[in-house]
There are 2 protein chains.
Amino acid sequence: MLATLYHFWLCPFSRAARLALHESGVEFELELEKTWERRAEFLALNPAGDVPVLKIRQEEGDDDVPAMAGIQSIFAYLAKPGDNGLIGKTMSDHITIRNLLHWFITKFDREVTKNLVGQKVIKRLLRSGTPNGQAIRAGHHNIKIHLDYIQHLLARQKWLAGDTMTLADLMAAAQLSCVDYLGDVPWNDYGEAKLWYAKIKSRPSFRPLLGEHIPGTPPADHYSNLDF
Amino acid sequence: MLATLYHFWLCPFSRAARLALHESGVEFELELEKTWERRAEFLALNPAGDVPVLKIRQEEGDDDVPAMAGIQSIFAYLAKPGDNGLIGKTMSDHITIRNLLHWFITKFDREVTKNLVGQKVIKRLLRSGTPNGQAIRAGHHNIKIHLDYIQHLLARQKWLAGDTMTLADLMAAAQLSCVDYLGDVPWNDYGEAKLWYAKIKSRPSFRPLLGEHIPGTPPADHYSNLDF
């Protein structure tokens with residue numbers, strides 16, 4: 001199976017898809033999609049016009065599978081309960097992971113990533129106004145609450161949802177990696193969260209994210225350092 | 001199995017959960033949750049503090065299943081590919097439905113519901129400022145694009161994802177029902193979408209939504225009329 005993942009820089013959902021594909025052993029190529037250009041070929045794959053989108057290349061005899069739009073579609077395709085440890089083996093594990101995905105896909109995104117990465121980088125790339133200082137201050141405040149929550153989870157288990165790495169860890173790390181690119185994660189105040197992130201950061205699936213450089217916004221000094 | 005669904009008025013995700021539970025034959029009780037009060041018992045079920053949350057009441061011998069937070073967790077619990085027509089029988093159907101869920105959970109919500117219901121009702125209930133006229137105008141503009149998309153889908157099939165009703169229809173109808181409560185859906189310009197909505201509106205699962213009255217905001221005249 002060979003797949004194409006349409007993605008964008010510092011998009012946490014694109015990053016989570018990259019990690020989950022790699023961890024699931026799916027070979028894929030990356031295609032950078034500037035969604036604001038609204039390319040007809042891309043809109044034909046995903047009328048919603050956003051990234052990530054995963055297109056599995058068809059071979060003769062394969063079922064015809066539509067392109068998948070959004071991280072929840074991609075996760076649902078990659079990980080089915082029971083057959084893939086990434087989404088849990090039992091229904092109870094599965095729900096725990098899904099609840100954490102809800103947290104990091106909606107709450108972390110709205111309270112942290114949109115306020116920091118959205119204001120500082122995406123607005124400039126999209127030429128959609130100047131950064132809002134109040135939003136940035138909110139992002140710096142909120143990230144502490146999220147790191148507290150991560151530490152609360154890690155106090156009783158090795159990974160966010162239990163004793164094995166799951167999609168919850170990948171999604172959370174993908175969000176944090178976008179903020180960390182800007183140097184806006186106060187790691188030194190959160191030792192257990194830092195150790196957990198260092199474990200994920202050192203995985204082969206993470207390496208391509210660490211090599212990514214966004215034009216006009218160099219990463220923070222420690223960003224690609226495994227021993228940060 | 002008896003379950004409790006924590007919900008809130010005109011929350012499209014709470015409404016979608018109500019429809020999906022009813023259509024799946026799950027008996028449940030409703031609990032109105034004022035999330036801004038941040039009740040300790042509710043936060044223990046869902047640390048993210050938002051609705052909907054589904055708690056399955058345990059009986060002796062049952063597996064201990066955590067409460068489910070967010071519509072994606074609830075959908076994942078109710079509908080597994082292959083064993084429930086609501087999420088599709090084949091992988092290809094399943095992806096089509098998931099892509100539509102992505103559309104109506106994220107794009108419709110951001111472009112329409114937040115701009116209309118969020119500005120006109122939720123802000124008042126939460127005492128978080130006055131309605132923003134620019135957002136409301138954007139909502140009125142955007143809903144036409146979404147109704148066009150619904151009609152585009154219905155031009156080739158009876159339901160949004162194919163020839164049977166799925167979670168995609170329930171999620172889309174839940175969003176539209178919130179906007180329709182305010183009388184802000186221009187049904188008369190969208191005949192096929194109106195027929196499709198009338199079919200869902202007449203299902204027993206929909207009746208409780210039509211009986212709901214939000215204090216201080218009476219529904220539009222035609223809201224509960226099955227022959228609108």
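Computed from the coordinates by the stated procedures, all read-outs in this text should not be read as laboratory data. These numbers come from a predicted model, not from an experiment. Virtual Cβ from ideal backbone geometry, glycine too; neighbours counted across all protein chains shown.
Give me a single rounded figure for A:43-53: the average over its residues of other chain Cβ atoms within 10 Å of their Cβ.
On the way: counts 0, 0, 1, 3, 7, 9, 1, 4, 0, 0, 1.
Counting Cβ atoms of other protein chains within 10 Å of each residue's Cβ and averaging gives 2.
So which residue of A has the beta-carbon closest to the axis that swings A onto B, and how many whole Å away?
Value returned for chain A: A:GLN72, 3.
For segment B:73-179, take the alpha-carbon Rg, divide it by the Kirkwood Rh, and send me Rg/Rh. Mind dumping the intermediate values first?
Numbers: Rg = 15.6 Å, Rh = 14.8 Å.
My calculation puts Rg/Rh at 1.05.
What gaps in nm, shortest first, separate B:GLN58 from its twins in the other copies when you place the label 7 Å past Cα toward the beta carbon?
4.8
Excluding residues fewer than 8 places away in the same chain, name every one of the aspartates and glutamates whose C-alpha is closer than 16 Å to that of A:LYS55.
A:GLU27, A:GLU29, A:GLU31, A:GLU33, A:GLU41, A:ASP63, A:ASP64, B:ASP93
What is the diffusion coefficient of the protein assembly as shown in µm²/s, taking the Kirkwood radius over Cα pairs and the Stokes-Einstein relation at 4 °C with a viscosity of 1.567 mPa s? Please report the intermediate quantities before stating the final value.
Working: Rh = 22.9 Å.
Result for D is 57 µm²/s.
Across segment B:118-228, how many lysine pairs separated by 8 or more positions, or lying on different chains, have Cα atoms within less than 25 Å?
Value for segment B:118-228: 11.
Using the Karplus curve 6.51 cos²θ - 1.76 cosθ + 1.60 with θ = phi - 60°, work out ³J(HN,Hα) for each residue of segment B:120-132 in order, rounded to whole Hz, and write x for Gly and Pro.
Taking θ as phi minus 60°, the curve returns 7, 10, 5, 4, 5, 4, 8, 6, 10, x, 9, x, 9 Hz for segment B:120-132.
Projected onto the charge dipole of the protein assembly as shown (+1 at Lys/Arg Cβ, -1 at Asp/Glu Cβ, origin at the Cα centre), which of A:ALA155, B:GLY191, A:LEU78 gives the Cα projection farthest towards the positive end?
Looking along the dipole axis, the top candidate is B:GLY191.
What list of ³J(HN,Hα) values in whole Hz, one per residue of segment B:31-41 in order, does the Karplus curve 6.51 cos²θ - 1.76 cosθ + 1.60 (θ = phi - 60°) give from phi, with Gly and Pro shown as x?
10, 6, 10, 8, 4, 5, 7, 6, 4, 4, 5
In Å and whole numbers, how far do the C-alpha atoms of segment A:142-224 stretch along each principal axis, longest first?
Computed over the Cα atoms, the extents are 40, 27, 16 Å.
What are the ³J(HN,Hα) couplings of segment B:215-228, residue after residue, when phi is run through the Karplus curve with 6.51, -1.76, 1.60 and θ = phi - 60°? Round to Hz, x for glycine and proline.
Each residue of segment B:215-228 in turn: x, x, 9, x, x, 4, 3, 7, 3, 9, 7, 6, 10, 8 Hz.
Amide H to amide H under 5 Å from B:VAL26: which residues, 5+ apart in sequence or cross-chain, H placed 1.01 Å off N in plane?
Those lying under 5 Å, H to H, from B:VAL26: there are none.
Based on alpha-carbon atoms only, what is the radius of gyration of segment A:1-129 relative to the globular estimate 2.2 N^0.38 Å? Walk me through the intermediate numbers first.
Numbers: Rg = 15.8 Å, N = 129, 2.2 N^0.38 = 13.9 Å.
Dividing the Cα radius of gyration by 2.2 N^0.38 Å gives 1.13.
Longest segment of chain B with no trypsin sites (Lys or Arg not before Pro) in a DSSP loop having at most 10 other Cβ atoms within 10 Å?
Values: sites that count: B:ARG38, B:ARG127, B:ARG156.
Free of exposed loop sites, the longest segment is B:39-126.
Could you please report the charge total around B:ALA174, scoring K, R as +1 and D, E as -1 over all other residues with beta-carbon less than 9 angstrom from its beta-carbon? Could you put the intermediate results ahead of the total?
Values: positive: B:ARG15, B:ARG18; negative: none.
Cβ neighbours under 9 Å give a net charge of +2.
Amide H neighbours of B:GLY162 under 5 Å, at least 5 residues apart or on other chains, H built in the peptide plane: list them.
For B:GLY162, whose amide H was placed from the backbone, there are no distant partners under 5 Å.
Longest exposed-loop-site-free stretch of chain A, with GluC sites (Glu not before Pro), DSSP loop and at most 16 other Cβ within 10 Å?
Values: sites that count: A:GLU59, A:GLU60.
After excluding every exposed loop site, the longest remaining stretch is A:61-228.
Counting other C-beta atoms within 10 Å, which of B:PHE8, B:PHE13 has the fewest, and how do the rest follow? Working shown, then result.
Values: B:PHE8 19, B:PHE13 23.
Fewest to most other Cβ atoms nearby, the residues stand as B:PHE8, B:PHE13.
Tell me the label-point distance for the pair A:HIS152, A:SER24, using the 7 Å Cα-to-Cβ offset, in nm and rounded to one decimal.
3.0
So if I take the centroid of the Cα atoms in segment A:14-71 and the same for segment B:122-195, what is the distance between those two points in Å?
27
Of A:PRO215, A:HIS94, A:ALA48, which is farthest towards the positive pole of the protein assembly as shown's charge dipole, taken about the Cα centre with +1 and -1 on the beta-carbons of Lys, Arg and Asp, Glu respectively?
Of A:PRO215, A:HIS94, A:ALA48, it is A:PRO215.
If you take each beta carbon of peptide B:90-96 and count the beta carbons of other chains within 10 angstrom, what is the mean?
On the way: counts 2, 6, 4, 1, 7, 11, 4.
Mean number of neighbouring Cβ atoms from other chains: 5.
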